[in-house]
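Read the structure below first, then the notes.
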């Protein structure tokens, strides 16, 4: 990748309302934690774009440095880093995720 | 690539001395743990900041030596 990785990541994060950096794809997640977040987003009926970090080591490491967060998946809503699987699941279970999305003007089921 | 439960506990205790720590070995392979960390260190901090404190305690081991760690933090 010739473009600076951080610039590239910033562009992806700003490209759509909900962006998920994950291992694998929504159709075939390659890790339990990534799969959990995909299931939550699908359950809430949210459109999101996903980036498969397994396709490029530079993305996989770059995203961890970008947010100083050592694990994948990473969820972004309106360019804001929300968290990994633990936080997304916790927010979902406490109904905070739906509220947060609606506050940001994102329609859910 | 694995980490003993006792090593995980010691690392977190070293970074957060007053923490109450509960660790479960999820798969019996020294690679998949869940950890609950209770401490007043988390007070007033967002979930992301709280989890980062736990991840920082593990330094570069997270994602390299330790594959899967489920984190829950409780602020007291």
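Read-outs: derived from the displayed coordinates by stated rules, not from any lab. Model, not experiment: these values are computed from the prediction. No Cβ is skipped: glycine too gets one built from the backbone with ideal geometry, and neighbour counts run over all protein chains shown.
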note: the protein assembly as shown, Cα-Cα separations exceeding 20 Å make up a percent value of 55
Once you put a point 7 Å from the Cα of residue A:43 and another 7 Å from the Cα of residue B:2, both along the Cβ direction, what distance in nm separates them?
-> 3.2
Considering only DSSP beta bridges whose two residues both sit in the protein assembly as shown, what percent are antiparallel, to the nearest 5?
-> 50
What 222 nm value per residue comes from the helices of the protein assembly as shown, counting each DSSP H run with n ≥ 4 as -39,500 (n - 2.57) and dividing by all residues, nearest 500 deg cm²/dmol?
-> -11500 deg cm²/dmol
Can you give the translational diffusion coefficient of chain B in µm²/s, computed by Stokes-Einstein from the Kirkwood radius over Cα pairs at 4 °C and 1.567 mPa s?
-> 106
Most mobile listed residue (B:26, B:58, B:66) in chain B, GNM with C-alpha springs under 10 Å | B:26
Would you order B:34, A:35, B:46, A:50 from fewest to most other beta-carbon atoms within 10 Å of each residue's own beta-carbon?
-> B:46, B:34, A:35, A:50
Report Rg(Cα)/(2.2 N^0.38 Å) for segment A:3-103, keeping two decimals.
-> 0.99
Could you grab the relative contact order for chain B? Cα pairs under 8 Å, six or more apart, rounded to a whole percent.
-> 39
Per-residue Cβ neighbour rank within 10 angstrom, fewest leading, A:72, B:21, A:13 | B:21, A:13, A:72
Most exposed first, judged by fewest Cβ atoms within 10 angstrom, B:43, A:60 run B:43, A:60
What share of the DSSP beta bridges in chain A is antiparallel, in percent to the nearest 5?
-> 65
